[in-house]
Amino acid sequence: MLLDSFSEFLSDLTLLKALAYFWPFFLIDMSRYLLLDFIVLIFYIPKRYRKRHAYAAARRRLFRERPLISVIVPGKNEGKHLAQLARTLTLQSYKNIESIIVDDGSDDETPLICRRLLRQGKITRFFRNEIRGGKASAANTALRYVRGKYVIHLDADSHLSPDAIEKVLLPFYMDDRIGAVGGDIRVANVNSTLATRFQTIEYFKTISTGRTVSSELGILRIIGGAFGAFRTDILQRLYGWDVGPGLDGDITMKIRKLGYKVVHEPFAVCYTNVPDSFRKLARQRFRWNRSLVRFRIRKHRDILLPSKNFNLSNFLASFDNIFFNLFLNMKWWLYLAQLLIIDPGHIEIIMLINLVLYGVANILEFGIAVALLAGTMYWRELALFVYLPLIPLYTGFYIRSIRSLAYLLEFVCRVSYFDKWNPWKVSNVVRNLE
Amino acid sequence: MRKPLIVSATAPEHFPHDMAVCSFAELGAVDIAAVSFLIIPLEADWQQGYADLQRIRRHVDFKIYLCPVLFLLSKKNIPPEILQAADGYVFADSEQLTKECNTWAARLEPVNARIEQLKILSDAGDSSLAFKVLRFIETRDTEFKPIASAREQKGFVYPPLLPLFPKDDISPFQVLDYLESQRLLTATFVSRSYSCTHCDCAFLNFFETCPDCGSNDLRSEELVHHFKCAYVGELSDFIQGEHLVCPKCETRLKQLGVDHDKASVVFHCNACSSIFQEPKIMTSCYNCWRETEPENQVSRQIQAYSITAIGMNAARYGMDSLLQSILESKLNVISHSIFKKILKLESERIARYKISTSSIVIMRLAGIETIYEKLGRRSSEVFNEISKALQEQLRSADVFSVRDENIFLILMPETPVQSADLAISRLNDRIVSLLTTNLNIDCTIHKTIKAVSSDIVLDQEIEHLLRTNAA
Ligand SMILES: [Zn+2]
Ligand SMILES: [Zn+2]
Ligand SMILES: [Zn+2]
């Protein structure tokens, strides 16, 4: 039955008809992501190979100058992760590092753990704010006391591969217009649960490939807080981070506005622990997505408006983000409405074909990621290809639903201003301000 | 009816003329039973009067050292711990001095009554400091509370007890602790104080130091968090004239807790430019100036003491020395009088048959008091060791007795002096090494070894031993 109508549907399909039925895939997802990634990386991978001597020269300059690097780790109740983080810092190929831990009002044994690490000389400095002030204020506390030429911001629950700091610094030594470099973020707890496996694949696509491509196109809009390197002078000029959530994207935007380049370095690898249940993941994404509305559209709307400071790549960076996340999120609901109105009889077939299309796209995307990162991928990561056919369900339904809900709530109720992310006193002040 | 007696080299200027005066040297000849209390004039320079009080309290005759003492004051500004060292005080210029003295006599009557009940335990007087303290506390029948004093190195002092103590190296704290361990006194908590681990001085300076270089040249800065822009910096970053202005967003700070707060404090070391939040706390001693971490200083419980029923009994009829009771439980210790009889029989036997020699050993363990004064409750362990040493060196035929808890008398029948000397040397070495090497207690053993003969008068020999080694 289904098979009959399926072949009948396919034989009827002309190019125009296919476009009409599957426009979201062909016009948007395939062209913005798959095709663009493919085209950019076709140029990027050989370019990277050609520039290997330039990288080697940059490395020599870095090790000759040997500047002090300040690693700052703000956090609350993260004590249990810090011993491992401190250990990966001592294993770095680049050695001239000071580490500054800021405890933002933890109510567990974090201060005890930090004081012990400090006594043992495993961290350089430890600050504790007895009253919680929020993540931005914790990072700014560290920034007030950094002595290094570059600041590397790390999340406490992440750890670095042994050459990560060296690799993330190299772009600064190849181009002085670079103000910040994002490190690649990969999943540490790959095989914990199905949720962590899906996120591993997602991170390869959106962070490793996605940010490398954005970076190549000059429209990178975020240096992740989990692993980001900044020029200290620029951070000090900006007086550090603003109130979150979304403070990473915010500071990246501010650095771009100052006229500096921001780039992604896919070979500087940081491993982070991701939420291991779909419930926790939903909560995390809910928070992330709300910040898009708040920071891109409310706080940095000047980028989108014509003015004397107008800058095309800054415009594109924001526009790309707003368009492909926010607006295209809406397109799905339009598409669904279209199918229900025009051709409700073929809806199962059309959905099935969509799943196949997106499945194939995901396999190709994974192939691109492998081509880009091959040398730095583990077998446990490569083995995840068997889960690829399921990814359209994960991104198509699960992630999309969370995103839609988050945008809706943020537009209507400005919930992020009531976020538990910040202490109430900070949220209160900031809400009355914007 | 008992009468007050003024103890002074010269008669004080103002004093009731019906009162008797005697010098300290004459005190021994006075019929103390007729004295209600002693009066010591305390001049503006109180040292002399206090020294007189010390001489009275350090006497060996309990009728003298326990005798109530009042100060006769001519000035008012005497330090409290000096004033409280006596049983009371009267003012020389008081118009009703005689009447006040009578009131004091009535008030001190129970003390005198308790002194009368005490037994004379030895012809030589009370030599044990712990025993003297016990007797003093018993006769006063009150709780002995320490007072904080900047004049005293230990920070706290028991003013009435202090004159009993002859030297600085034996502290009232250890003697009281020992007496409490013997359940002769009970203690109640008053306070807790830190004192120097090197010299026991209670005057410690607590200060913050740099954990990196140890300098105490530190500058502290408050960290200010501006809520609106999340800037965090030192208070001085915000100061602009008379106002606090955020350097990041250039807004003037309004009210602490509303738009900003003070998240924490940061220290800067001026010596090594280190930055930290937790300075290392150190202490230095005002006496020896050594620096020590607070956790390594001695934390001492300061207590008030009062006598127990057992203590009362011990004060009246003699405190069984701990060593003596341990020795008695382990060795066959015979009483002094029986020892004398056996010695007499032995000397007659030797004089009659003239065929063998026996030896008499008189041993004195000088410094035995410091053992419990230094070790307090742990003394019994040492005493057990000493008695074990004695047990192993003595033969079953030897006759053993103890006098005044630190004089050992041993009669060794059929033993020439040389052999006795050898045995006692071994014993001597063992005890000295135990005390000096292991515990760092300065202890010497004085001994006399003689062949038993009818010429020997035991008490004279003991007296001679004590006298020759007293200096
Ligand atoms: Zn501000
Ligand atoms: Zn220092
Ligand atoms: Zn000292």
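The values are calculated or read from the model by the stated rules, or taken from the named source; none is laboratory data. All figures in this text were calculated on a predicted structure; none of them were measured in a lab. Quick reminder, even Gly has a Cβ in these numbers, built from the backbone with ideal geometry, and neighbours come from all protein chains shown. Each accessible area value is taken on the protein alone, full model and side chains, heavy atoms only, with ligands, DNA and RNA left out. Shrake-Rupley method; radii C 1.70, N 1.55, O 1.52, S 1.80 Å.
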Calculated FRET efficiency for the pair A:Ile363/A:Asn273, C-beta based, R₀ 35 Å, to 0.05
0.85
Describe numerically, in nm with one decimal, the distance between label points set 7 Å from Cα along Cα→Cβ at A:Gln84 and at A:Phe397.
3.2
Enter the angle in degrees (range 0 to 90, nearest 10) between the Cα long axis of helix B:336-353 and the first principal axis of the Cα atoms of chain B, meaning the one along which they spread out most.
40
Loop only per DSSP, at most 10 neighbouring Cβ atoms within 10 Å: give me the trypsin sites (Lys or Arg not before Pro) in segment B:150-250, ordered by residue number.
B:Arg151, B:Lys167
Residue-wise, which Karplus ³J(HN,Hα) couplings in Hz belong to segment B:418-423, taking 6.51 cos²θ - 1.76 cosθ + 1.60, θ = phi - 60°, and x for glycine or proline?
4, 5, 4, 4, 4, 4
Would you mind classifying chain A by shape? Square roots of the alpha carbon gyration tensor eigenvalues, ordered a ≥ b ≥ c; an a/c under 1.5 is rounded, otherwise it is prolate if a/b is larger than b/c and oblate if not.
prolate
Partner shielding of B:230-241, as the mean number of partner chain Cβ atoms within 10 Å, equals 5
Charged-residue dipole, Cβ positions (Lys, Arg, Asp, Glu), segment B:211-278 about Cα centre, Debye nearest 20:
280
Taking a 22 Å limit on the Cα-Cα distance, which of the listed pairs B:Lys354/B:Lys447; A:Lys47/A:Lys261; A:Lys95/A:Lys122; A:Lys122/A:Lys261 fall beyond it?
B:Lys354/B:Lys447; A:Lys122/A:Lys261
For segment B:321-468, accessible area per residue (1.4 Å probe, heavy atoms of protein chains only), Å²
50
Give, as a single signed number, the net charge of other residues whose beta carbon lies under 12 Å from the beta carbon of A:Ser158, with Lys and Arg counted +1 and Asp and Glu -1.
-3
All other residues with a Cβ under 13 Å from the Cβ of A:Leu117 taken together, and with Lys, Arg as +1 and Asp, Glu as -1, what is their net charge?
+4
Can you classify chain B as rounded, prolate or oblate using the Cα gyration tensor, where a ≥ b ≥ c are the square roots of its eigenvalues, rounded means a/c under 1.5, and otherwise it's prolate if a/b beats b/c and oblate if not?
oblate
Summarise the accessible area of segment B:321-468 (1.4 Å probe, protein heavy atoms) by the percent that is carbon and sulfur.
50
For the residue pair A:Arg380 and B:His464, what label-to-label distance in nm results when each label sits 7 Å from Cα along the Cα-to-beta-carbon direction?
9.3
Across segment B:161-297, how many lysine pairs separated by 8 or more positions, or lying on different chains, have Cα atoms within less than 26 Å?
6
Sequence of B:His17, B:His225, B:His198 when ordered by accessible area, the most exposed leading, probe 1.4 angstrom
B:His17, B:His198, B:His225
Could you tell me whether segment A:54-291 comes out rounded, prolate or oblate from its Cα gyration tensor? Rule is a ≥ b ≥ c as square roots of the eigenvalues, rounded for a/c under 1.5, then prolate if a/b exceeds b/c, otherwise oblate.
rounded
Taking a virtual spin label 7 Å from the Cα of B:Thr251 along the C-beta vector, which residues in segment A:218-247 bring their backbone nitrogen under 14 Å of it?
A:242-244
Within segment A:49-87, the residues whose backbone N lies under 16 Å from a label point placed 7 Å from the Cα of A:Asn96 along the Cα-to-Cβ direction are A:58-71
Accessible area buried between chains A and B, both sides summed, probe 1.4 Å, in Å² to nearest 100
2100
Hey, what number do you get for the protein assembly as shown at 222 nm if only DSSP H runs of n ≥ 4 count, each worth -39500 (n - 2.57), divided across all residues, to the nearest 500?
-12500 deg cm²/dmol
Distant-in-sequence amide H partners of A:Tyr150 (H built 1.01 Å from N, under 5 Å)
A:Ser70, A:Thr232
Efficiency by 1/(1 + (r/R0)^6): what FRET value for A:Lys257 and B:Asn296, r their Cβ-Cβ distance, R0 = 51 Å, to the nearest 0.05?
0.35
Report, to the nearest 10°, how far helix A:328-342 tilts away from the longest principal axis of the Cα atoms in chain A, using its own Cα long axis and a range of 0 to 90°.
10
Going down the list B:Lys388/B:Lys450; A:Lys51/A:Lys76; A:Lys167/A:Lys280; A:Lys76/A:Lys254, which pairs span over 30 Å between their C-alpha atoms?
A:Lys51/A:Lys76; A:Lys167/A:Lys280
For a test of understanding, tell me how many lysine pairs in segment B:1-117 have Cα atoms under 25 Å apart, given they are 8 or more places apart or on different chains.
5
Of all DSSP beta bridges with both partners in chain B, the antiparallel percent, nearest 5, is 75
I need the calculated FRET efficiency for the pair A:Phe315 and B:Lys280, taking r as the beta carbon distance and R₀ as 60 Å, to the nearest 0.05.
0.65
Helix axis angle, A:194-203 relative to chain A longest principal axis, alpha carbon, degrees
80
In nm, what is the difference between 0.36 nm times the number of residues separating A:His53 and A:Leu409 and their Cα-Cα distance?
123.1 nm
When chain A is treated as a Gaussian network with springs between alpha carbons less than 10 Å apart, the largest mean-square fluctuation among A:Asp242, A:Asp37, A:Asp176 is found at A:Asp176
In nm, give the distance between the simple-model label positions of B:Thr448 and A:Asp163, each being 7 Å from the Cα along the Cα-to-Cβ direction.
9.3
How well do other chains shield peptide B:260-266, expressed as the mean number of their Cβ atoms within 10 Å of each residue Cβ?
6
Excluding exposed DSSP-loop chymotrypsin sites (Phe, Trp or Tyr not before Pro) (at most 12 other C-beta within 10 Å), longest clean stretch of chain A
A:1-309
Express in Å², to the nearest 10, the accessible area of B:Val111 obtained by rolling a 1.4 Å probe over the protein heavy atoms while all chains stay in place.
10
